[in-house]
Amino acid sequence: MTTYIGLLRAINLGPHNRVAMGALRDMCATIGLDEAKTLLASGNVVFQSRIGSCDKLEQALEAASTKHLGVTTDYFVRSAEEWKAIIKANPFTKEAKSDPGHLLLMCLRTAPTAAQVAALQAAIKGREIVKAKGKQAYFVYPDGVGRSKLTIQVIEKTLGTRGTARNWNTVLKLGELAQ
């Protein structure tokens with residue numbers, strides 16, 4: 001059995017796409033995933049599976065969410081080993097220690113090209129910083145995310161892929177939960 005971390009995109013934000021974490025855990029059990037644990041109400045689940053492909057798990061979870069939860073959303077799945085490497089690859093170690101709430105990890109559906117990342121860096125209007133590695137992007141929002149012009153819509157359009165982000169505190173907690 002391999003341990004995985006699954007991130008749901010755009011749930012429990014306002015009145016739309018409401019998902020109870022107990023229902024998410026039950027859904028995971030229904031489709032054969034073991035020992036599902038959730039973290040916070042923002043759509044973070046850690047589970048075990050014999051399925052050895054993150055892509056196949058994403059597809060299975062997306063179909064099950066539509067069927068069992070009545071919510072159609074994207075899932076971003078990484079193995080616990082991949083998650084360790086993602087944490088280790090963080091290019092913003094200073095910010096991770098001094099201001100982890102303003103450091104975000106965004107898991108992406110596909111890896112952006114160097115040209116797409118450069119275009120995103122050029123599109124930044126404020127003090128935000130971005131670096132990407134594989135299917136992950138790391139963002140520093142020194143003035144906070146709330147008023148930033150670097151929105152999910154700008155990021156996804158410029159990188160040409162969908163994603164979901166978590167702050168560094170949540171990234172570390174998920175890593176601990178996956179151990």
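Values in this text are rule-based calculations from the coordinates and carry no lab data. Predicted model, so just to flag it, every value in this text is computed and none were measured. Cβ sites come from the backbone with ideal geometry, for glycine too, and all protein chains shown count toward neighbours.
Relative contact order of the chain: 24 percent, from C-alpha pairs under 8 Å at least 6 residues apart in sequence. Nearest 10 degrees, 0 to 90: what angle lies between the long axis of helix 54-64 and the longest principal axis of the chain (Cα atoms)? Value to nearest ten degrees: 60. Restricting region 26-93 to trypsin sites (Lys or Arg not before Pro) that sit in a DSSP loop and have at most 13 other Cβ atoms within 10 Å of their own Cβ leaves ARG50. Principal-axis analysis of the Cα atoms of the chain puts helix 21-30 at an angle of about 60° to the longest axis. Backbone geometry of region 151-159 corresponds, through the Karplus equation with coefficients 6.51, -1.76 and 1.60 at θ = phi - 60°, to 3J(HN,Hα) couplings of 8, 4, 5, 5, 4, 5, 5, 6, 7 Hz, x marking Gly and Pro.
For LYS37, the aspartates and glutamates whose Cα falls under 19 Å of its own Cα, not counting residues fewer than eight places away in the same chain, are ASP26, GLU58, GLU62, ASP74, GLU81, GLU82, GLU176.
List the residues whose amide H sits under 5 Å from the amide H of VAL71, counting only those 5 or more places along or on another chain, with H placed 1.01 Å from N in the peptide plane. Sorted by chain and number, the residues that satisfy this are THR66.
The angle between the Cα long axis of helix 168-177 and the longest principal axis of the Cα atoms of the chain comes to about 30 degrees, rounded to the nearest 10. With θ taken as phi - 60° and the Karplus curve 6.51 cos²θ - 1.76 cosθ + 1.60 applied, the whole-hertz 3J(HN,Hα) list for region 84-94 is 4, 5, 4, 5, 5, 7, 3, x, 10, 5, 4 Hz, x standing for glycine and proline.
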